[in-house]
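Data block below; observations after.
The values are calculated or read from the model by the stated rules, or taken from the named source; none is laboratory data. Model, not experiment: these values are computed from the prediction. Glycine also receives a Cβ, built like all others from the backbone with ideal geometry; neighbour counts cover every protein chain displayed.
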Amino acid sequence: MTNKVVVIGGGVAGNASALALQQRGLQAVVLERAEPGTLRVGEHLSPESRLLLSNLGLWDAFVADGHLACPGVRSSWGTPGIYEREYIFSPYGDGWNLDRCSFDNSLARAVEDADAEILYNTRVTSLIRTREGWSIEIDAEGRKMTLFASFLVDATGRASAISRKLGAKRIVYDRQQALIAWLSTQKANTDLDATLLIEAVEDGWWYATPLPNNRMVAAFMTDPPLHSSSPLPLGKLWTEKMVRTKHVQNRLGDYQLDDVIVRPANSYRMDRVVGDGWLSVGDAAMAFDPLSSMGINKALRSALAAANVAVRYIGGDSSALASYSADLCWDFEDYLAKRSTFYQQENRWPDQPFWRNRQQPGPVKRKITLQPQTMLRRSDFDHTNITQMNSVMTKSDYESIHGICETPLPAFQVVSQLKQRLTRPISDERAIHFVQIAFDHGLLKYAPI
Ligand SMILES: Cc1cc2nc3c(=O)[nH]c(=O)nc-3n(C[C@H](O)[C@H](O)[C@H](O)COP(=O)(O)OP(=O)(O)OC[C@H]3O[C@@H](n4cnc5c(N)ncnc54)[C@H](O)[C@@H]3O)c2cc1C
């Protein structure tokens, strides 16, 4: 292992990146600002996380850690009653409610077992681009050091510290914040309802879910300000809001309040997630509404993709950066469309600013006009000057379509050949969009039958 990748930030995204990098033969070092064992939010994992944890070789350790299996989601959203979405139909089994501390500790242990170093209490004091890569001055628990890296990964979460330093700007979609409480009970519950409960209220929404070791998390999402007049202590404020719920209050029964914090929970993306010799992962690149319960999955998925990009970049293929950026852009557009659909299902308080602000339609997906059997071939359009088709598609994606369509083919075959030809996996839906985009831009034309 010779090429060093420096990962800044040791949350899920940073540590998973370091692990995936080691597994691909690159030497990673993680620089984490906080101490080991620092509290992080986010406790629910949807079933698909099993696939990502398995890809990272973490599944067996995950199961051994005793997280609580979660059979589904119960929602009071759009109606005062409850409807249930069971995970029983998921091919990956149950979702999970995490003991977040042991989840983070296991991941950090796996990184160290894979021979990567994690430096805690560490700050980057200077970052210089050199001809060979990066020269990084750090302060690690008071010791000044200089590290050299071929590639940098920004995994600093909502701080996006390195991306900002390198010129990226944040595009913000709302101002949501979270009032999060952890509770516990002495009573061991033998008949525990381990579903994730979601309840919409006039000025926001709640989630509440039991955790391992007789604990519970119950959090309120709203727009600022959380309190209009005298600022109440957080515990009182949380209780004042909680007693206005119906289902969350019922669920809390014997649980006693242990701790309450406030955290930002808004959606955003950075306008750049890659640059020469760097990229960002997890929340450093973009953050989703906790309603999606997708933050940890997104962190794991981007970490796996980032490690592949680093390998290709260090091997001399810098086009991998553009593909990564286009993939994240697609994911964010997809997320915005889903978020909008979900919020539009709640119409009980149309005049409340929290709901009014979230009722706008999401981005309109490109209209698919091509039929599967439509015969297509490439046009004479000179594509050599194209640098980027648009934000979700790269020049090399287009070049692949161009190569496939040298001879006439039905659209469905263009789609399936494109999926085989690209070096990264993309969904059917996205491949169909690529072909439609290429057609709409005049790069493909109808071929006579
Ligand atoms: C209220 C709330 C509830 C949520 N619930 C869920 C949920 O149920 N399920 C889910 O999947 N997701 C959930 N999420 C989202 C999820 O928590 C995040 O998406 C995920 O933790 C992001 O991981 P990360 O590694 O990118 O960032 P983080 O976990 O924030 O890690 C970033 C790390 O970088 C370090 N750092 C920051 N700046 C620097 C610096 N300059 N130098 C060095 N280190 C630095 C930080 O100390 C931190 O350790 C929730 C989020 C919120 C706000």
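Observations, loosely collected:
- Residue match in segment 288-307 (condition: at pLDDT below 95 and of a type in the set (Asp, Glu)): no
- Pick from segment 361-397, criterion in a loop (DSSP other than H, G, I, E, B), of a type in the set (A, V, I, L, M) and modelled with pLDDT under 90, ranking: farthest from Cys329 (Cα to Cα): Ile386
- Residues (within 16 Å of the ligand (Cβ to nearest atom) and not aromatic (Phe, Trp, Tyr)) located in segment 232-250: Leu234, Leu237, Lys241, Met242, Val248
- Residues satisfying the stated conditions in segment 3-52, i.e. touching a helix residue (DSSP H, G or I) at 6+ places or on another chain (Cβ under 6 Å), within 12 Å of the ligand (Cβ to nearest atom), of a type outside the set (Ser, Thr, Tyr) and in a helix (DSSP H, G or I): Val12, Ala13, Asn15, Ala16, Ala18, Leu52
- Here Ser75 meets each of (1) within 14 Å of the ligand (Cβ to nearest atom); (2) assigned to a strand (DSSP E or B); (3) polar (S, T, N, Q) with one exception, condition (1).
- Within segment 239-278, the set of residues being of a type in the set (S, T, N, Q) and within 22 Å of Thr195 (Cβ to Cβ) comprises Thr245, Gln249, Asn250, Gln256.
- On the stretch given as segment 182-194, residues that are touching an Asp or Glu at 6+ places or on another chain (Cβ under 7 Å) and either within 15 Å of the ligand (Cβ to nearest atom) or of a type in the set (A, V, I, L, M) (or both) total 2.
- Identity of the residue in segment 392-449, farther than 22 Å from Ala320 by Cβ and aromatic (Phe, Trp, Tyr), that ends up surrounded by the fewest Cβ atoms within 10 Å (Cβ to Cβ): Tyr446
- Restricting attention to segment 54-79, the residues that are on the phi > 0 side of the Ramachandran plot and in contact with a His (Cβ under 7 Å, 6 or more places away or on another chain) total 0.
- Meets criteria (within 10 Å of the ligand (Cβ to nearest atom) and touching a residue at least 40 places away in the same chain (Cβ under 8 Å)) for Asp104: yes
- In the set Asp254, Asp258, only one residue is charged (D, E, K, R), at pLDDT below 95 and assigned by TED's automatic domain parsing to the domain that holds Ser54; that residue is Asp254.
- Whichever residue in segment 204-225 is over 24 Å from Gln345 (Cα atoms) and assigned to a loop (DSSP other than H, G, I, E, B) and, among such residues, is modelled with the lowest pLDDT: Pro225
- Only listed residue being hydroxyl-bearing (Ser, Thr, Tyr), within 20 Å of Gly277 (Cα to Cα), in the same structural domain as Tyr335 (by TED's automatic domain parsing) and not in a strand (DSSP E or B), chosen from Ser106, Ser135, Ser163, Ser126: Ser163
- Test for Ala299: is it more than 9 Å from the ligand (Cβ to nearest atom), in contact (Cβ under 8 Å) with a residue 40 or more places away in the chain, closer than 11 Å to Ser17 by Cβ and small (Gly, Ala, Ser): no
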